[in-house]
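All remarks here apply to the structure that follows.
The values are calculated or read from the model by the stated rules, or taken from the named source; none is laboratory data. Predicted model only: the values in this text are computed from it and were never measured. Here the Cβ positions follow ideal geometry from the backbone for every residue, glycine too, while neighbour counts run over all protein chains shown. Surface areas here come from the heavy atoms of the whole protein model, side chains and all, with no ligands, DNA or RNA. Shrake-Rupley method; radii C 1.70, N 1.55, O 1.52, S 1.80 Å.
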Amino acid sequence: MTTVWDYIWIVQLLPVAGFLAQALFGQRIIAMFGPAMGRRICGAMAVVPIALAFVIGVFVFYKLTELAPDQRVQISTWFNWIDLQTLRVPFELRVDPLSLTMVLIVTGVGALIHLYATGYMATDRDYPRFFTYLNLFIAFMLMLVLGNNLALVFIGWEGVGLCSYLLIGYWYHDIANAKAANKAFIVNRIGDWGFVLGIFLIYVTFASSQAIVGDEARLLSFDVILPLAEKVLPTFGPAVVAAVPILLFIGAMGKSAQFPLYLWLPDAMAGPTPVSALIHAATMVTAGVYLVTRCHVFFELSPIAMLVVACVGAFTAIFAATVAFGQTDIKKVLAYSTVSQLGYMFLACGVGAFYAGMFHVTTHAFFKALLFLGSGAVIVAMAHEQDMRRYGALRKYLPITHGTMLIGWIAIAGIPPLAGFFSKDDILGKTFASSHYWTEHGWLVDPKILYAIGLITAFMTAMYMTRMFWLTFLGKEERWRESAAGVSDEHAHHEAHVHHPHAHAEHEDTHGFFLSDDEVLERERAEHEAEHHDVLTPDHQPKEVVPSMWLPLVALAALSIVGGLVLSGGYPFSELLHWDTQHLFRDWNAIAAAPTLLPAAEMFHADHMTEWILIGSSVLAAILGIGVMAFQHRLGIPKSDREITGLKRIMGAQWGFDGAMYKTFVDFGGRFSQGFYRWFDKGVIDGLFVNGSAWTVQSFGKLFRKAQTGYVRSYALTMLLGVVVILSYVIWKTNR
Amino acid sequence: MSLVIWMPLFGAVFLMLVPKDFVAVHRYGALGISILTFIASLSLYGAFSSGTFHFQMVEAIPWISGLGIQYKVGVDGISLWLVMLTTFITIIAVWFSFYVGHRAKEFMVYLLVLETAMLGVFCALDLVLFYVFFEATLVPMYFLIAIWGGEDKKYASVKFFLYTFLGSIFMLIAIVALYFISAEKLGKGTFDLVALQSLAAQGDLAALPIQLWLFAAFAVAFAVKVPFWPVHTWLPDAHTEAPTAGSIILAAVMLKMGAYGFLRFCLPLFPDATIQAAPLLMGLAVVGIIYGAVMAAVQHDWKRLVAYSSVSHLGFVMLGLFSLTHNGFTGSVLQSVNHGISTGALFLMVGMIYERRHTRLFSDYGGLKRQMPMFAALFLIVMLSSVGLPSMNGFIGEFLCMLGAFQAGFEGRAGIPLWMPVVAGGGVVLAAVYLLWMFQKVFYGRNDNPENKRLRDIKPWEQLLCWSLVLFVFWIGLYPKTFTDEMEASLNGLRHQVLQQPGLRPQWADTSIDVNARGDVVQASNRDPNNPGNWTQGKVLVPADHQVRSEQVAARSERE
């Protein structure tokens, strides 16, 4: 029987259809309609499914709000994916406020970014390939947030990692991009290792407890495990209770770029900017926060795990903020800012304010996507130069970009009443207020310390974002005019690469494997033309971007203005979304029938006076941060930014962490394995034992040279003789 | 049944009669025969019933009656898929071997003879018959490597032959020993697996020390085949030097003969020894997973890298197998099939490029993605299935294997420690390291080699070969139920055969019992002779008990 909840499958399958259509027909359409028209069609084919999914998502959401709060979990099952006697994993989607919130972010912001990308990638020759990956990403991301069991979440989890890998390495001609892509995938896999072990641990505990009756082997499904977590896990002792959430959190650390697994995210900026906005800012990297929130019952059972989450979050937040100061690449600043903001979200989860974490996920999706897309517009306008030191005074050339980025900037800095203020203040406030609860429950770290770290980070965020904004848009210097064009001879360099085929007479091409010389030349010419790159010259005149690019900017700017206000408490929409503390805890738990272990009201206890002081101090931190940086930049680019030296240099190099990791694992690990292969596999096992014994046999064989012919047939003869002897013995023995 | 096994051999005889100048006849003839065999094996699948753990379609003819040696063949849910895999992969191998120009007739004949031998291995239910088939696979493969191999073919082929041959000598001794033991217990010696298992089920076959010896003798033969670390070094050489078809068959089918041997012989015949040996073999599997992956990561030769990746992937198969859990068993058999498809496809595609460029060194490649987009896309899919990406086949197998191992470790089953599956998980990370590195080396970057600039994309029929494998990549990845449904009864029977007390172990010889859909051992009556999976359930004799408590197993191994 189909119900309205089954419509969620349409949401899930639309991007899949978009992906398939793009993959199968994309190139053909371009070939048929020519590059300009073909790209327009492909672009539409990419945007429409996502936009449509958004519309249906809104409809389903609307239907969900019509239900009573304790009814708001609906599951729609399709068919069994893994179906064993011991484990059943259906394809089942979960419709509840949390998953739909994520769906709306993913499809809504996703559709805007798709639209933007049609403009951004307009001249790229692999246009369909880009949108193939992008649609596939949306499909996996939806699977991640909608899946009602850990295995489906894991499909999405690794799937988005795959798309991230493909899109970071999208411009694979530059081997550095390919390496960044590998790094992202591998570091994520380390996190996934933890995640999978967490899944296993959940499975074995639930499988061997007798709590689940009947033949229901859906031991990974949320509606089965979440309500029983409190009953089942403690019977296995505190180690298991702590291990489950910590293992899940290791997975979240990989995907959401928490220290020390954040390493891949800055490198991931090698991908096209829409990818950075969609995957590495708005959606995929928040999957970890989503996972922790989805499995919050497991976390709440273990104060140790909560402490780990909160501390890792707080540390990452401040660590990444320091690194952002030392960056000159506009996208790298935003990347570290993302890492830092993700730290905030985990801080919120760690102190038990899961809804605040999700609130920040939402507002962050708005303003960070906006900032990334804005930076993309700047990059396009500046002939793909990403060094902020070569920008300056762009506000008069790029009015729309400037205006929207301005909103993004003050939104992330935390100026009321923009979106960032509400969510960030919520996190800081809840961190402070949870203090007495957690210290009573045996935390070693007083959340007030975490609050202080959070506040300092807020101050620093305001500072480095101001630095970025100032260097890019404000000031009077148009610094690209100062620099000499040093890269222009790159073109000539490529010229030399054009290969002049010589005679290939030595290989006769009987199978038709090879192109003719003319075809090779033709291909190289096409290649060469497509690789023509813009170069930022001193007489460059920046132009505002096309409407398909600035329209999403405007939409996101609007969301960044009102998003926080609308979704925070006390307004009609928030009632609808149930993001009030009380609502969140009451609803999710009532729905999932999973009792909250943290009494919500008691936990975040703060009187009105304190609340106002907290709000005041976070606003003050934001204003101070902006002020300090504005003062520093009042006379143009500071000296410490022209040449990155001293502390800034150390900070910019991630305090040496990335380098150390690279040296240890890639350099040393590679050389060690290489040596081990030569010495052990080739030397000891193969050399000493295998060939050594062969050599010994051979030496003996020299004594019996006649018998040892070295031919397998004579060995076979020996074997035959042996069999005959054994069989004769057997016959003799039985007939005795 | 016998038709499937012997059809390729008859085909080979037929081809031998055709003069060698008719190359087209040999090529299309061999292809036709392999396709016919595949169709015949499909009818096996059609006739197969998933409702019983007993052997089906059994054919038994006395062979050397004086010694009780029979020609006895049959399939169950484990061997069924390996038979299907064999017939399917052989089509791929034969078709791709159209490129073989040098002594094409002999090449095709060897391939078909090899197919019969491999099918025989998976169907034989008599130990001597099994041994004969097991050894018979060596000969054609030896010649494939020695005649059509790469530069170092002599060394590789002799190494391959001696290594595996040496291993199976021990098995032969154990087989003979089993004959004498059965002669003592039954009054008349037998090599019949079913009869021997009945003895084992009652605990009459052998006491633990002797069981351990026999187990070890069989295990050596199979361990070399799998291959277990540290007896793996024949594999990189043989895979690398073999012609493409040889590599495909070696990886896809012949390695599975090791895993299959454990499942078919070691576990049911020596259950007590299996429990004793499980931690050790699991440990070796974990070492193999990590070791193979690390070694793969440092190779400069494309085929060698894939070969070492096999060492790592087969480690997962053994990990699942010796977890002695339902999840682990299922994962193990499924991963055997998966590895056949994924690694078979990898070797196939490496073969395609080797056929064109005659080099396997990464340093000769780079930037091929632009040059050969379809090839790159297909290779990407296959590579990712080998990485174990969810929604593709590799994931299901590895996930279940590790889940089973984790379960065993968590419960302390058979004394398996928990760190083993945890460490094995690192193999999945390393798989990403070496496979992505491989992909980057070949396909990413700039295409600077003038030789590579002349490459056309792969041809339509080559694409078809790849797509047919990719179909199974997604089929198993998205709907593994097709495959697991057929296995479950047999694997449940096997699990009970290993883990239950003597006397409670279900016997293949006793058709009045069976396993039901929950995994319980039950009384079965009214069995339909035409459809052995159709029977009426009676009393539950042994409950499924998927979660064997560690105390039970510990108490058991102590008592013994």
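Summary table
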item: Condition check for residue B:197: in contact with a Pro (Cβ under 7 Å, 6 or more places away or on another chain) and open to solvent by 10 Å² or more (accessible area, probe 1.4 Å); result: no
item: Residue check, residue B:411 within 19 Å of residue A:151 (Cα to Cα), of a type outside the set (A, V, I, L, M, F, W, C) and out of contact with any Pro (no Cβ under 7 Å at 6 or more places or on another chain); result: no
item: Matching residues in segment B:324-362 - criterion: being more than 30 Å from residue B:496 (Cα to Cα) and polar (S, T, N, Q); result: B:342, B:343, B:359
item: Whichever residue in segment A:166-184 is within 7 Å of chain B (Cβ to nearest Cβ) and aliphatic (A, V, I, L, M) and, among such residues, is farthest from residue A:335 (Cα to Cα); result: A:175
item: Conditions (1) farther than 22 Å from residue A:20 by Cβ; (2) in a loop (DSSP other than H, G, I, E, B); number of the one not met by residue A:170; result: (1)
item: Residue selected from segment B:129-170 under the condition crowded, with 18+ Cβ neighbours inside 10 Å and basic (Lys, Arg), by the criterion nearest to the other protein chains (Cβ to nearest Cβ); result: B:159
item: Residue check, residue A:23 in a helix (DSSP H, G or I), in contact (Cβ under 8 Å) with a residue 60 or more places away in the chain and within 14 Å of chain B (Cβ to nearest Cβ); result: yes
item: Output for segment B:386-409, where each listed residue is of a type outside the set (A, V, I, L, M), open to solvent by less than 10 Å² (accessible area, probe 1.4 Å), facing chain A (nearest Cβ under 7 Å) and not in a helix (DSSP H, G or I); result: B:390
item: Extreme residue, surrounded by the most Cβ atoms within 10 Å (Cβ to Cβ), among residues of segment B:410-429 that are within 9 Å of chain A (Cβ to nearest Cβ) and at pLDDT 85 or above; result: B:421
item: Pairs with Cβ under 6 Å, 6+ apart, first in segment B:217-243 and closer than 19 Å to residue B:172 by Cβ and modelled with pLDDT of 85 or more, second polar (S, T, N, Q) and open to solvent by less than 10 Å² (accessible area, probe 1.4 Å); result: B:221/B:168; B:224/B:164
item: Filter pass, residue B:263 being under 30 Å from residue B:178 (Cβ atoms), in a helix (DSSP H, G or I), touching a residue at least 12 places away in the same chain (Cβ under 8 Å) and hydrophobic (A, V, I, L, M, F, W, C); result: yes
item: Some residue of segment A:193-215 being at pLDDT 80 or above, open to solvent by 40 Å² or more (accessible area, probe 1.4 Å) and of a type outside the set (D, E, K, R); result: yes
item: Criterion (in contact (Cβ under 8 Å) with a residue 60 or more places away in the chain and in a helix (DSSP H, G or I)) met by exactly one of B:26, B:54; result: B:26
item: Lone unmet requirement of (1) open to solvent by 10 Å² or more (accessible area, probe 1.4 Å); (2) of a type in the set (A, V, I, L, M); (3) touching a Ser or Thr at 6+ places or on another chain (Cβ under 9 Å) for residue A:45; result: (3)
item: Matching residues, segment B:175-200, being away from every other protein chain (no Cβ under 14 Å) and at pLDDT 85 or above; result: B:192, B:193, B:194, B:195, B:196, B:197, B:198, B:199, B:200
item: Matching residues, segment B:451-480, being within 13 Å of chain A (Cβ to nearest Cβ) and among the polar types (S, T, N, Q); result: B:452
item: Residue in segment A:422-430 that is at pLDDT below 85, open to solvent by less than 40 Å² (accessible area, probe 1.4 Å) and assigned to a loop (DSSP other than H, G, I, E, B) present; result: no
item: Filtered residues of segment A:270-294 (kept if buried (at least 24 other Cβ atoms within 10 Å of the Cβ) and outside any helix (DSSP H, G or I)); result: A:271, A:283
item: Index of the failed condition, residue B:483 passing every other in (1) within 13 Å of chain A (Cβ to nearest Cβ); (2) touching a His at 6+ places or on another chain (Cβ under 7 Å); result: (2)
item: Some residue of segment A:91-108 being surrounded by fewer than 20 Cβ atoms within 10 Å (Cβ to Cβ) and within 14 Å of chain B (Cβ to nearest Cβ); result: no
item: Subset of segment A:59-90 that is of a type in the set (Asp, Glu) and open to solvent by 40 Å² or more (accessible area, probe 1.4 Å) - its residue that is nearest to residue B:397 (Cα to Cα); result: A:70
item: Check on residue A:448, part of a loop (DSSP other than H, G, I, E, B) and more than 26 Å from the chain's Cα centre (by Cα); result: no
item: Meets criteria (among the aliphatic types (A, V, I, L, M), facing chain A (nearest Cβ under 10 Å), farther than 25 Å from residue B:488 by Cα and touching a residue at least 12 places away in the same chain (Cβ under 8 Å)) for residue B:380; result: yes
item: Filter result for residue B:118 (within 14 Å of chain A (Cβ to nearest Cβ), open to solvent by less than 10 Å² (accessible area, probe 1.4 Å), touching a residue at least 12 places away in the same chain (Cβ under 8 Å) and not aromatic (Phe, Trp, Tyr)); result: no
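One line per residue, one yes/no per condition, for (1) surrounded by fewer than 24 Cβ atoms within 10 Å (Cβ to Cβ); (2) at negative phi; (3) touching a Pro at 6+ places or on another chain (Cβ under 6 Å); (4) at the interface with another protein chain (Cβ under 10 Å from one of its Cβ atoms):
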| site | (1), (2), (3), (4) |
| --- | --- |
| A:120 | no, yes, yes, no |
| A:124 | yes, yes, no, no |
| A:131 | no, yes, no, no |
| A:136 | yes, yes, no, no |
| A:150 | no, yes, no, no |
| A:158 | no, yes, yes, yes |
| A:164 | no, yes, no, no |
| A:186 | yes, yes, no, yes |
| A:189 | no, yes, no, yes |
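Conditions tested, residue by residue: (1) within 15 Å of residue A:100 (Cα to Cα); (2) part of a helix (DSSP H, G or I); (3) under 13 Å from the mean Cα position of the chain (by Cα).
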site: A:119; (1), (2), (3): no, yes, no
site: A:129; (1), (2), (3): no, yes, no
site: A:143; (1), (2), (3): yes, yes, no
site: A:161; (1), (2), (3): no, yes, yes
